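Data first, discussion second: the structure below is written as structure tokens.
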Ligand code: MN
């Protein structure tokens, strides 16, 4: 097939201890999946269950890369999150089989233009400008389940210029990892190459140019990105 012009390379993510790359098809994200974060966003986690939104696949930013401060915002936030990488697709996946669909796990930072997101929320509009902008999906290397197993618990935190901002445990997720796969697969047919950002703990805060974000999840590499 001849295209009228060439696009750039397919977006992809590093794989831990490998030269191979994980190709990215879609990026799904879970909103309000830690109770304390739902409360800090002004919502009741008992009344408003988590939900999904998407970012474009080419929003991925690798570990160690600078992230440009995005345009049209004055309130640019970090959100440290566990990321699921799908390896086998499917629809209406059962809870018992959910783990079989997971290729691996990574640490991610769901970068957010909070002012645009909250404006959209208040006006009943889509979140795309607040969430789905360029360079908004920082992500570390994917750790394959075949080598490192599944992640169900463990410390998660992010520091900005050495100061702790968010700190929790993966076991605090409202929808845990298998439940997220099950729920998402009732809405979309999952495919290999789909990433799922699983939600962020309380403590989201603004970052400025020149600041360095350092994220941690037990068992994964540290995710470091400087805002420029
Ligand atoms: Mn998030």
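The values are calculated or read from the model by the stated rules, or taken from the named source; none is laboratory data. All figures in this text were calculated on a predicted structure; none of them were measured in a lab. Methodologically, a virtual Cβ is constructed for each residue, glycine included, from the backbone with ideal geometry; neighbour enumeration extends over all protein chains shown.
Restricting the search to strands (runs of 3 or more DSSP E) fully inside the stretch 106-224 and requiring at least 3 residues that are touching a helix residue (DSSP H, G or I) at 6+ places or on another chain (Cβ under 9 Å) gives 194-197. Taking every residue in the stretch 123-135 that is under 25 Å from residue 226 (Cβ atoms) and pairing it with any residue that is modelled with pLDDT of 95 or more and away from the ligand (no atom under 16 Å from the Cβ), at least 6 positions away or on another chain, the pairs with Cβ-Cβ distances below 7 Å are 135/68. Among the residues making up the stretch 88-105, those that are surrounded by fewer than 20 Cβ atoms within 10 Å (Cβ to Cβ) and in a loop (DSSP other than H, G, I, E, B) are 88, 89, 91, 92, 94. Just one of the listed residues (112, 73) is within 22 Å of residue 203 (Cα to Cα) and within 13 Å of the ligand (Cβ to nearest atom), and it is 112.
If you check 48, 44, 100 for being away from the ligand (no atom under 16 Å from the Cβ) and farther than 22 Å from residue 153 by Cα, only one passes: 44.
Of these, 83, 61, which one is within 16 Å of the ligand (Cβ to nearest atom), in a strand (DSSP E or B) and closer than 19 Å to residue 179 by Cβ?
83
Given the conditions (1) surrounded by 16 or more Cβ atoms within 10 Å (Cβ to Cβ); (2) at pLDDT below 95; (3) more than 25 Å from residue 219 (Cα to Cα), and given that residue 9 satisfies all but one, which numbered condition is not satisfied? Here residue 9 clears every test but (1).
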